[in-house]
Amino acid sequence: MTVNIDSKGKNVVRAATAFAGFYVNEDYEQVYGSNYGTVNVELPEVNTRIFADYPKNDPIAHLDTMRKELTEYAHKNWGKQWVVRVRAESDGPPTGKDLTIRVMGVDTGKVDMLTRDIMNYMKTNEEYSEYLVDLRPDTGYPNRIVRFVPDEMRVSQYELTPRLVARMAGSILDGSLVGEFRADDEDIDLRMRVDQRFLRAPEDALSIPVIEEDMGSIRLGDLVKIETYTEPGQFNRFQGERAITLSANLKPGSPYSPPYIVNNVVEYYSTIRTKYTGATLNFAGEYESTQKSYSSLMFAFLIALLVIYMILATQFNSYVQPLIILSAVVFAFIGVVYGVFFTRTLFTINSFIATIGVTGVVVNDSLVLIAFLNNLSRDGMHRDEAVYEGVRMRLRPILLTTLTTTLGLLPMAIGIPYYSLNWGPMASTFVTGLCTATLLTLFIVPVLWHLFMGLQERLSKP
């Protein structure tokens, strides 16, 4: 069914398509149920959109407004048990949630209580609660369970059995099989059921007569007691333990990253963990993939440094000079830490990649400088003069390399024409790391080479 939206105006909503009986989750899976529904809303063309509350026609801000208004409308008209989720359609393959926190343990009660505690803390956190979208557990919607328990005293009084009474209750609620017929090579069951006008809720079954006696009708409520309770709609396990997964997305442009929020939750959990001895936290989602990426990059980086050291040791016939060359890696990390601290940017995976790139550039500068100093020393020049002449001769190419790279990345680092949350930290990391490492390389690497050559001369004397 396609419905044109006129109440908001064609400059706000172009059209909508409504479906009943299912919804499509974030993984593009259709979830069916009589209590589900989906409305696909199509926005107007970009140049014709007019969102009165947002002059910049920001669709993300418009989605936030729609989410709030629809939630208030549903709660006002149908009750707070109804849940409205508003999300933008995304292209490409399904992606995981930005934030995933798994609460698990052997004590089901403690797992449930810890989940509620963590969820309430995140919802009320003054820092980042407004940037969380669709924060919810994976327990599904709670199911209301209605149990009819035979009253043994009343059942025996009427000379019945609990099994027979349970069968009576089942017949009232689900109907009784009275036969079957065959149509088009298919057997179809025939059931006799109570008119649904008299059975709008399970509790209505208590007033339905089940036995006729001279003294009057015996109703189902005379034979059974009713018990009602709720239970999770979904019961998950992870590694053999009860597990509840809290997941959420972050609004685009959020100043907080998933690792920051996870670390904040970990700090809070450390203050309450003694209350929930049968439960613990386990993290997944983007945080887990980020940690794996960091570990993978660090392992690859260390292997690369080892291979570089072995190659340099072979070329220079020395075990110490390669260490002097690789000292530029330490200088690069000093610059990266300095840059992250003073620019107040996040250290992301892209920043780590930039750090590796910086080390490659400064190691190359250090390598060229040490090789030039060795050539001057072999030509008979004293090490003092070699340091002075080598730095003077290699200063211009090293500074030009740094200057061209810095000027190329500077607009991205400072946000010209606009700042990118993905590439801005990478550029600022590269610029600050390269500039700092270059200066330290020009001053410290020649000094280290001078000290090493002096020590080598003293040891070579008889």
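Tally the residues that are surrounded by 10 or more Cβ atoms within 10 Å (Cβ to Cβ), free of Cβ contacts under 8 Å to residues at least 24 places away in the same chain and not in a helix (DSSP H, G or I), restricting the search to the stretch 192-215. So that I can check it myself, show each step before the final result.
Within the stretch 192-215, the subset surrounded by 10 or more Cβ atoms within 10 Å (Cβ to Cβ) is 192-194, 198-199, 202-211.
In the following step, the residues that additionally are free of Cβ contacts under 8 Å to residues at least 24 places away in the same chain were identified as 192-194, 198, 204, 206-207, 209.
Of the ones still in play, those that are also not in a helix (DSSP H, G or I) are 192-194, 209.
The total comes to 4.
Could you grab me the full set of residues in the stretch 153-182 that are without any contact (Cβ under 8 Å) to a residue 12 or more places away in the chain and among the hydrophobic types (A, V, I, L, M, F, W, C)?
Of everything in the stretch 153-182, those that are without any contact (Cβ under 8 Å) to a residue 12 or more places away in the chain and among the hydrophobic types (A, V, I, L, M, F, W, C) turn out to be M153, L164, F181.
Out of the residues in the stretch 393-421 that are of a type in the set (S, T, N, Q) and assigned to a helix (DSSP H, G or I), which is nearest to T438 (Cα to Cα)?
First pass over the stretch 393-421, keeping only residues of a type in the set (S, T, N, Q): 401-402, 404-406, 420.
Next cut, assigned to a helix (DSSP H, G or I) only: 401-402, 404-406.
Numbers: T401: 10, T402: 7, T404: 13, T405: 12, T406: 11 Å.
Within the stretch 393-421, the match that is nearest to T438 (Cα to Cα) is T402.
Would you mention how many residues in the stretch 151-176 are touching a Pro at 6+ places or on another chain (Cβ under 6 Å) and more than 14 Å from I218 (Cα to Cα)?
1
Of the conditions (1) under 30 Å from R392 (Cβ atoms); (2) touching a Leu at 6+ places or on another chain (Cβ under 6 Å), F352 fails just one. Which one is it?
For F352, the failing item is (1).
With R396, R392, R383 as the choices, which residue is assigned by TED's automatic domain parsing to the domain that holds Y338, surrounded by 15 or more Cβ atoms within 10 Å (Cβ to Cβ) and basic (K, R)? Please lay out each step first, then the result.
Numbers: R396 fails: surrounded by 15 or more Cβ atoms within 10 Å (Cβ to Cβ); R392 fails: surrounded by 15 or more Cβ atoms within 10 Å (Cβ to Cβ).
Among R396, R392, R383, only R383 is assigned by TED's automatic domain parsing to the domain that holds Y338, surrounded by 15 or more Cβ atoms within 10 Å (Cβ to Cβ) and basic (K, R).
A quick yes/no check of all residues on (1) surrounded by 12 or more Cβ atoms within 10 Å (Cβ to Cβ); (2) not small (G, A, S):
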residue	(1), (2)
D379	no, yes
V387	yes, yes
G408	yes, no
I444	yes, yes
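Residues of the stretch 153-191 being assigned to a helix (DSSP H, G or I), loosely packed, with under 15 Cβ neighbours inside 10 Å and basic (K, R), which ones?
Within the stretch 153-191, R163, R167 meet the criteria.
What's the number of the only condition in (1) touching a strand residue (DSSP E or B) at 6+ places or on another chain (Cβ under 7 Å); (2) touching a residue at least 12 places away in the same chain (Cβ under 8 Å) that D187 fails to meet?
So the condition that D187 fails would be (2).
Quick one: is R136 more than 30 Å from S207 (Cα to Cα) and at pLDDT 80 or above? Show your work before the answer.
Working: more than 30 Å from S207 (Cα to Cα): yes; at pLDDT 80 or above: yes.
Criteria met by R136.
Do we have Y338 as closer than 28 Å to T429 by Cα and among the aromatic types (F, W, Y) here? Before the answer, list the steps.
Values: closer than 28 Å to T429 by Cα: yes; among the aromatic types (F, W, Y): yes.
Taking the combined requirement at face value, the residue satisfies it.
Test of understanding: among I303, I324, I308, which residue is surrounded by fewer than 17 Cβ atoms within 10 Å (Cβ to Cβ) and aliphatic (A, V, I, L, M)?
Working: I324 fails: surrounded by fewer than 17 Cβ atoms within 10 Å (Cβ to Cβ); I308 fails: surrounded by fewer than 17 Cβ atoms within 10 Å (Cβ to Cβ).
Within the list I303, I324, I308, the selection yields I303.
Does the stretch 222-231 include one or more residues that are assigned to a loop (DSSP other than H, G, I, E, B), over 16 Å from K97 (Cβ atoms) and in contact (Cβ under 8 Å) with a residue 12 or more places away in the chain? Spell out the reasoning first.
Step one: of the stretch 222-231, the residues assigned to a loop (DSSP other than H, G, I, E, B) are 223.
Those left that are additionally over 16 Å from K97 (Cβ atoms): 223.
Narrowing further to those that are in contact (Cβ under 8 Å) with a residue 12 or more places away in the chain: 223.
Yes, the conditions are met somewhere in the stretch 222-231.
Can you tell me which residue in the stretch 347-392 is nearest to G424 (Cα to Cα), limited to those that are assigned to a helix (DSSP H, G or I), aromatic (F, W, Y) and under 52 Å from the mean Cα position of the chain (by Cα)? Give the derivation first.
The first filter runs over the stretch 347-392 and keeps only residues assigned to a helix (DSSP H, G or I), leaving 349-378, 383-392.
Pick out the ones that are also aromatic (F, W, Y) and you get 352, 372, 388.
Narrowing the set further to residues that are under 52 Å from the mean Cα position of the chain (by Cα) leaves 352, 372.
Values: F352: 13, F372: 36 Å.
The qualifying residue nearest to G424 (Cα to Cα) is F352.
Can you pull out the residues in the stretch 370-384 that are of a type in the set (K, R) and without any contact (Cβ under 8 Å) to a residue 12 or more places away in the chain? Can you show your working first?
Here is the first cut: in the stretch 370-384, the residues of a type in the set (K, R) are 378, 383.
Selection gives R378 alone.
Collect the residues in the stretch 405-424 that are of a type in the set (S, T, N, Q) and within 30 Å of the chain's Cα centre (by Cα), keeping them in residue-number order. Don't jump to the end; show me each part of the working.
Filtering the stretch 405-424 for residues of a type in the set (S, T, N, Q) gives 405-406, 420, 422.
Result: S420, N422.
May I ask you to list the residues in the stretch 108-138 that are surrounded by 12 or more Cβ atoms within 10 Å (Cβ to Cβ), outside any helix (DSSP H, G or I) and touching a Phe, Trp or Tyr at 6+ places or on another chain (Cβ under 8 Å)? Lay out the reasoning, then the answer.
Residues of the stretch 108-138 that are surrounded by 12 or more Cβ atoms within 10 Å (Cβ to Cβ), as a first pass: 108-119, 121-122, 125, 128-129, 131-138.
From the residues that got through so far, the ones that are outside any helix (DSSP H, G or I) too are 125, 128, 132-138.
Once the filter is applied, which keeps residues that are surrounded by 12 or more Cβ atoms within 10 Å (Cβ to Cβ), outside any helix (DSSP H, G or I) and touching a Phe, Trp or Tyr at 6+ places or on another chain (Cβ under 8 Å), the stretch 108-138 yields only Y128.
The values are calculated or read from the model by the stated rules, or taken from the named source; none is laboratory data. Nothing here was measured: the structure is a model prediction, and the numbers come from that model. Neighbour counts run over all protein chains shown; Cβ positions are idealised from the backbone, glycine included.
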